[in-house]
Amino acid sequence: SDANADIICLQEVWKDEDVAAVVDAAKELFPFSYWEQTEQETGAVCTGGEETEILDCADTYCGEVNPDNLADCVLANCTNEFLSLSADCQSCMVSNLGKTLEEIGENCATGATPAGLWSNDGRNGVLILSRLPFTLTESKMLDAYLVRRIVLHVRVEDEQSGSVDVYGTHLTADLGNAPPYAGEAESWLEEQGLQIDA
């Protein structure tokens, strides 16, 4: 309630229900909001039983770990098994984070539930809140691996400043090898640089 801003850009608001909760909680101070609901794309699967070794390793070392902490445990204990997976299988595993090992195995090995190419159900996590009405809203998708990346652009009219453009985004982080980069750029950092250029 003490926010002394006209516009706030948020990131990592991944779930639709969280977007709704934030917008609702902030609506007295920030009655205007903008976000783009990006969608999941399916198609990433593991083939030929390639997922067996990593699932066995994960079960051995991380079987009792909360699904929210599974990625850290698997990368700490099963790095070689993860690296041996095809890019599609890696994408499938990462896009199913937050689920149990059994669910991940089922989704990625059999395609029983279409496996996604993106984490967070394909959502981009970016939200803009404003005290002032928007005179323009637009977005630009950025090329990315595993996590949808977007730039939101809004324009408002301010009595003192006139027309003001605001951009909100969440660029790719340099994750090193956790998980290993398997996108179209050379590394997480290069992908980030390409997003900045875009």
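Comparing region 84-198 with the 2.2 N^0.38 Å rule of thumb, its C-alpha radius of gyration ratio is 1.34 (two decimals). Is region 27-105 best put as rounded, prolate or oblate by its Cα gyration tensor, with a ≥ b ≥ c the root eigenvalues, rounded for a/c under 1.5, and otherwise prolate when a/b is larger than b/c, oblate when not? Prolate shape, in that a/c is at least 1.5 and a/b is the bigger ratio.
Largest to smallest in accessible area, the residues SER119, SER33 fall in the order SER33, SER119 (1.4 Å probe, all protein chains included). Axis angle, to the nearest 10 degrees, between helix 16-26 and the longest C-alpha principal axis of the chain: 30 degrees.
Could you tell me whether region 1-40 comes out rounded, prolate or oblate from its Cα gyration tensor? Rule is a ≥ b ≥ c as square roots of the eigenvalues, rounded for a/c under 1.5, then prolate if a/b exceeds b/c, otherwise oblate.
It is prolate, given that a/c is not under 1.5 and a/b is the larger ratio.
The accessible area of LYS15, taken with all protein chains in place and a 1.4 Å probe, comes to roughly 120 Å². The C-alpha atoms of the chain define a longest principal axis, and helix 188-197 lies at about 30 degrees to it. Projecting label points 7 angstrom from Cα along Cα→Cβ for ASN77 and GLU12 puts them 2.5 nm apart. The stretch between GLU190 and MET141 holds 16.0 nm of extra length on full extension. This uses 0.36 nm per residue minus the Cα-Cα distance.
Considering Cα pairs under 8 angstrom that are at least six residues apart, work out the relative contact order of the chain and quote it in whole percent.
Numbers: 354 pairs, mean separation 49.6, N = 198.
This gives 25 percent for the chain.
Cβ-Cβ distance of ASN66 and ASN4, R₀ of 41 Å, FRET efficiency by 1/(1 + (r/R0)^6): the value works out to about 0.60. Once all protein chains are placed together, ASP174 keeps about 90 Å² accessible to a 1.4 angstrom probe.
A simple rule links phi to the HN-Hα coupling: the Karplus curve 6.51 cos²θ - 1.76 cosθ + 1.60 with θ = phi - 60°, which for region 146-159 gives 6, 10, 4, 10, 8, 10, 9, 10, 10, 10, 10, 10, 10, 4 Hz, with x for Gly and Pro.
Residue-wise HN-Hα couplings along region 55-71, as the Karplus relation 6.51 cos²θ - 1.76 cosθ + 1.60 with θ = phi - 60° gives them from phi, are 5, 5, 4, 4, 5, 5, 9, 10, x, 9, 7, 4, x, 5, 10, 5, 4 Hz; Gly and Pro carry x. VAL22 contributes an accessible area of around 50 Å² to the protein surface, as traced by a 1.4 Å probe with all chains present. How many angstrom lie between the Cα centre of region 116-157 and the Cα centre of region 63-112? Here the two parts' Cα centres lie 27 Å apart. Per q in 0.09 Å⁻¹, report the Debye log10 I(q)/I(0) for the chain, using one uniform scatterer on each alpha carbon and no solvent. Rounded to two decimals, the profile gives -0.41.
The values are calculated or read from the model by the stated rules, or taken from the named source; none is laboratory data. The shown structure was predicted, so the numbers you read here are calculated from the model rather than taken from an experiment. When we count neighbours, we look across all protein chains shown, and the Cβ atoms used for this are built from the backbone with ideal geometry, even at glycine. SASA here: full protein model, heavy atoms, side chains in, ligands and nucleic acids out. Shrake-Rupley method; radii C 1.70, N 1.55, O 1.52, S 1.80 Å.
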